[in-house]
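Notes follow once the structure below has been shown.
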Amino acid sequence: MLRVRFAPSPTGYLHIGSARTFIFNWLYARRNQGTMILRIDDTDVDRNTQASLDSIFDGLKWLELDWDEFYRQSDRLDLHRAMAQRIFEKGLAYRDFVPAVADSEEKSHGGGPWLFNPGSREVTPEESDRRAAAGEPFVLRFRVPREAGRIVRFDDMVYGAQTKSTADVEDFALIRSNGMPTYHMASCADDLDLRISHIIRGQDHLSNTFKHVLIFEAASEPGAVMPHFAHLPLLIAPDGAKLSKRKHGPVVSVTTYRDHGFLPHSYVNFLCLLGWSPKDNREQMTRQELIDVFSLEGVNRSNAVVNFTEQDPIDAKALWLNSQHLRSMPVAELAPYVRATLEQAGLPVPEDVASFLHLVDVIRSRFFTLTDFATRGRAYFADDFVIEGKAVNNLDVPGARELLRELGDRLAATPEFTEASVEAELRKLAADRGVKAGVLINGSRAALTGQPVGPSAFAVFLCVGRQRVIARLRGV
RNA sequence: GGCGCUAUCGUCUAACGGUUAGGACAGAGCCCUCUCAAGGCUUAAAUACGAGUUCGAUUCUCGUUAGCGCUACCA
């Protein structure tokens with residue numbers, strides 16, 4: 001049975017890299033009828049925040065991503081400690097009574113890596129037990145094998161065969177002196193206990209995996225199968241640095257894209273294209289298509305740049321992809337998002353469903369985000385819109401306002417109100433007054449929508465509705 | 001410093017020894033057109049560098065350089 005997990009630590013908002021890790025896990029699970037597990041890795045009590053946890057849930061909810069099982073590590077500390085104890089009893093871990101050094105530089109300088117505190121490995125079991133019983137604090141460390149030539153190896157489904165000499169692996173901590181398991185201990189214990197079959201996570205854990213292999217080997221029963229590993233390339237900033245809120249601002253948070261009016265799925269689609277490819281030049285894909293085609297073989301090995309600037313936090317390709325989805329998805333699927341956007345902006349939603357769908361269908365052809373419906377599309381829903389500068393230019397064409405008012409009068413005098421009838425009326429007026437139809441067409445668009453650009457003008461007349469058209473033209 | 005990973009157009013990527021190195025976004029131009037998008041066409045743009053293996057390297061090997069990651073009683 002295939003089981004994957006996404007295991008964030010609640011120490012910040014939901015990062016877009018984390019979101020992508022969730023998505024790849026989720027896609028892999030859904031693709032292979034597996035189980036998606038959400039596990040909150042909250043063993044660092046000092047840094048955990050409720051706000052961060054909320055942000056994770058909010059982000060995943062917005063992206064419409066779900067999971068089948070939920071755990072939090074703080075509920076499972078006994079399991080972690082028991083597994084550490086088992087490793088200790090096998091002699092594969094030892095108590096280190098040396099206090100933590102405040103400055104970690106102290107450890108590592110001097111050329112080679114820091115491996116362990118001198119003497120701590122050699123403390124006799126009797127002395128160790130005695131000092132522990134006396135209440136002396138200690139950190140439980142893994143006793144990394146020190147025989148010359150000992151190699152740790154594993155196969156990564158993305159990065160291939162990996163090896164590392166144990167001479168380069170330090171005696172890492174399993175249990176802190178305050179009794180809390182470390183990330184490595186808790187993560188491995190849970191992965192084992194939850195029978196995770198594939199650990200799919202960021203590449204920043206690639207070198208940690210050697211430690212995890214050591215823990216798995218020490219903690220599992222003989223013959224137990226180790227999880228498979230698949231590491232994902234990182235998402236980085238245009239300057240090559242890791243994305244960080246402090247340095248790069250809001251681009252790193254999924255809420256930024258939500259607030260910019262992205263469709264959840266199009267953002268998922270965009271994230272998928274960072275570090276993964278279906279290899280057939282397809283870019284715009286539905287969620288089902290993504291599920292059908294996702295595979296670890298398609299995952300890249302080099303980091304992917306999220307292309308933003310200080311002026312514009314949105315990657316141009318993400319915006320393009322959003323517009324593609326916005327314009328091509330079934331309008332009935334889009335409508336609820338538009339409805340929510342309008343309601344949030346305090347705009348009334350047309351009651352008649354059919355005409356609402358038609359309206360959305362017409363105006364979405366020029367929009368890029370959901371936000372556009374409430375801003376550039378405001379005049380379709382409310383009367384309190386402002387006429388943009390460039391649109392004003394269209395009205396300021398000599399004679400335009402008079403003509404538009406007259407058009408309003410003529411339309412008021414004609415009961416028929418279809419694209420064809422409006423066009424006929426407008427062209428007739430232009431011919432009667434000897435002006436180009438464009439003056440009336442562009443002027444109408446400006447007067448009716450406040451926008452210099454938009455859908456075909458005659459479609460606009462119908463979308464705005466007869467009453468409003470007449471009122472707006474006459475009031476120009 | 002040590003160890004690990006990575007390296008194709010500005011960006012995302014395709015090409016699992018033989019291609020005029022393909023696609024997409026962004027850029028430029030043209031067409032279409034009631035505006036603006038969309039769409040169509042065209043254009044500019046890349047194999048980090050150096051060796052080696054091979055009849056032939058983007059592709060395999062080694063080195064250099066660069067970037068990233070790990071090197072915490074963070075995750």
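We did not get these values from a lab; they are worked out from the coordinates using the rules stated. Because the structure is predicted, anything quoted here is derived from the model rather than measured. Note: ideal-geometry Cβ built from the backbone for every residue, glycine included; neighbour counts use all protein chains shown.
Each label was represented as a point 7 Å from its Cα along the Cα-to-Cβ direction; for A:Arg405 and A:Glu89 these points are 9.5 nm apart. Entry note: region A:324-476 has Rg to Rh equal to 0.98, where both radii use alpha-carbon atoms and Rh is the Kirkwood radius. For the pair A:Ala437 and A:Ala316, the difference between a 0.36 nm per residue extended length and the Cα-Cα distance amounts to 40.0 nm. In chain A, the sites counted are GluC sites (Glu not before Pro) in DSSP loop states with at most 11 other Cβ atoms within 10 Å, and the longest stretch holding none of them, exclusive of the sites, is A:148-309. For helix A:77-89, what angle does its Cα long axis make with the longest principal axis of chain A, in degrees from 0 to 90 and rounded to 10? For helix A:77-89, the angle is close to 30 degrees.
The alpha-carbon atoms of region A:230-292, seen along their principal axes, cover 37, 28, 20 angstrom, with the largest extent given first. Computed on region A:139-288, the Cα convex hull volume stands at 190 Å³ per residue. In order along region A:62-72, the phi-based Karplus estimate (6.51 cos²θ - 1.76 cosθ + 1.60, θ = phi - 60°) of 3J(HN,Hα) comes to 4, 6, 6, 10, 10, 9, 9, 9, 10, 9, 10 Hz; Gly and Pro are listed as x. Note that region A:114-125 has calculated 3J(HN,Hα) couplings of 6, 10, 5, 7, x, x, 5, 5, 9, 4, 5, x Hz, one per residue in order, obtained from phi through the Karplus relation 6.51 cos²θ - 1.76 cosθ + 1.60 (θ = phi - 60°); glycine and proline are x.
To the nearest 0.05, how large is the calculated FRET efficiency for A:Arg31 and A:Ala100 if R₀ is 41 Å and r is the Cβ-Cβ distance?
Values: r = 44 Å, r/R0 = 1.06.
Result of the calculation: an efficiency of 0.40.
Our helix-only sum for chain A, with -39,500 (n - 2.57) per DSSP H run of n ≥ 4 divided by its residues, gives a mean residue ellipticity at 222 nm of -13000 deg cm²/dmol. The calculated Kirkwood hydrodynamic radius for region A:95-224 is 16.4 Å, given to one decimal from all distinct C-alpha pairs.
A Stokes-Einstein calculation at 4 °C with viscosity 1.567 mPa s, built on the Kirkwood radius of region A:6-150 over Cα pairs, returns a diffusion coefficient of 69 µm²/s. Relative to the longest principal axis of the Cα atoms of chain A, helix A:183-193 runs at roughly 90 degrees. Of the cross-linked pairs A:Lys390/A:Lys428; A:Lys245/A:Lys317; A:Lys90/A:Lys211; A:Lys279/A:Lys317, those separated by over 23 Å at the C-alpha level are A:Lys390/A:Lys428.
Calculate I(q)/I(0) for chain A by the Debye formula, one identical point scatterer on each C-alpha and no solvent, and give its log10 at q = 0.05, 0.06, 0.11 Å⁻¹ to two decimals. Those come out to -0.31, -0.42, -0.94, one per q. Residues in region A:165-187, backbone N under 17 Å from the label point at A:Asp78 (7 Å along the Cα-to-beta-carbon vector): list them, ranges by number please. Within reach of a label on A:Asp78, which here means backbone N under 17 Å from a point 7 Å along Cα→Cβ, region A:165-187 contributes A:180-181. Enter the angle in degrees (range 0 to 90, nearest 10) between the Cα long axis of helix A:16-31 and the first principal axis of the Cα atoms of chain A, meaning the one along which they spread out most. Result, in degrees: 90. Along region A:266-283 the Karplus relation, 6.51 cos²θ - 1.76 cosθ + 1.60 evaluated at θ = phi - 60°, assigns HN-Hα couplings of 5, 6, 4, 4, 4, 4, 4, 7, 9, x, 8, 8, x, 6, 10, 6, 6, 10 Hz to successive residues, with x for each Gly and Pro. What FRET efficiency do you get for A:Thr163 and A:Glu333 if R0 is 41 Å and r is their Cβ-Cβ distance, rounded to the nearest 0.05? Given R0 = 41 Å and the Cβ-Cβ separation, E is 0.25.
Across region A:134-156, the residues whose backbone nitrogen lies under 14 Å from the label position 7 Å along the beta-carbon direction of A:Asn117 are A:136-142.
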